[in-house]
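Student: One structure, pasted below without further comment.
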Amino acid sequence: MSQILSYLWGSSKKDTPENENAELAMREQLDAHQDFRIKEDGVMEWDDFVVLRCVIQRQAYRHYNPHWVKIKKASHTLWKQNPSSIEYAQNFADGQRAFAAATKLMTEKACEWIEFDLKNFV
């Protein structure tokens, strides 16, 4: 369980710092896990799937973070102006779309990296 938590939030004890590039950090974490066991029907073993999902989620958050900082700053400004404005709602929607895009990108890159068919990911 602690290994899975370290994939989500990072380890408190690191020999080397996590790569600044979220995609490269994802590849390093997937390589560190080594073998992802896939059954004959193309479905990944549950424990391996949980690790894969945690790695993807962490690196998607890291990839999205610069955009999130901008969204958050704009959100505060728009809230002060008018919390029920269309601009405030649009800013929120932009943030949601950007995070979904980051998650999709990391999922595609991770499945490609470990040679796992994306259609079996869901």
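Student: Could you grab me the full set of residues in the range 67-122 that are among the small types (Gly, Ala, Ser) and touching a helix residue (DSSP H, G or I) at 6+ places or on another chain (Cβ under 7 Å)?
Tutor: Passing the criteria: 74, 75, 85, 95, 98, 102, 110.
Student: If you go through the range 80-98 one residue at a time, do you hit one that is within 18 Å of residue 38 (Cα to Cα), of a type outside the set (Gly, Ala, Ser) and within 14 Å of the chain's Cα centre (by Cα)?
Tutor: No; the residues of the range 80-98 include none that is within 18 Å of residue 38 (Cα to Cα), of a type outside the set (Gly, Ala, Ser) and within 14 Å of the chain's Cα centre (by Cα).
Student: I'd like the residue in the range 71-114 that is of a type in the set (Val, Ile, Thr) and farther than 15 Å from residue 22 by Cβ and, out of all such residues, is surrounded by the fewest Cβ atoms within 10 Å (Cβ to Cβ).
Tutor: Step by step, filter the range 71-114, then rank; the result is 86.
Student: Given (1) within 21 Å of residue 38 (Cβ to Cβ); (2) surrounded by 17 or more Cβ atoms within 10 Å (Cβ to Cβ); (3) touching a residue at least 12 places away in the same chain (Cβ under 8 Å), identify the lone condition not met by residue 53.
Tutor: Of everything listed in (1) within 21 Å of residue 38 (Cβ to Cβ); (2) surrounded by 17 or more Cβ atoms within 10 Å (Cβ to Cβ); (3) touching a residue at least 12 places away in the same chain (Cβ under 8 Å), residue 53 misses just condition (3).
Student: Working only within the range 55-79, note down all residues that are over 13 Å from the mean Cα position of the chain (by Cα) and either of a type in the set (D, E, K, R) or not in a helix (DSSP H, G or I) (or both).
Tutor: Matches in the range 55-79: 70, 72, 73.
Student: Could you say which residue among 45, 18, 23 is within 17 Å of residue 109 (Cβ to Cβ) and at pLDDT 90 or above?
Tutor: The unique qualifying residue is 23.
Student: If you don't mind, there's one more thing I want to ask. Could you check the range 19-50 and list, in sequence order, the residues that are within 19 Å of residue 118 (Cβ to Cβ), under 17 Å from the mean Cα position of the chain (by Cα) and either in a loop (DSSP other than H, G, I, E, B) or touching a residue at least 24 places away in the same chain (Cβ under 8 Å) (or both)?
Tutor: 22, 23, 26, 27, 29, 30, 50
Student: Residues in the range 109-122: is at least one acidic (Asp, Glu) and not in a helix (DSSP H, G or I)?
Tutor: yes
Student: Kindly indicate the residue of the range 56-70 that is surrounded by fewer than 17 Cβ atoms within 10 Å (Cβ to Cβ) and in contact (Cβ under 8 Å) with a residue 24 or more places away in the chain and also nearest to residue 22 (Cα to Cα) among those meeting that condition.
Tutor: So, considering only residues that are surrounded by fewer than 17 Cβ atoms within 10 Å (Cβ to Cβ) and in contact (Cβ under 8 Å) with a residue 24 or more places away in the chain, the one nearest to residue 22 (Cα to Cα) is 57.
The values are calculated or read from the model by the stated rules, or taken from the named source; none is laboratory data. Just so we're clear, the structure is a prediction, and the values are computed from it rather than from any experiment. Here the Cβ is made from the backbone with ideal geometry for all residues, glycine too, and neighbour counts use every protein chain on show.
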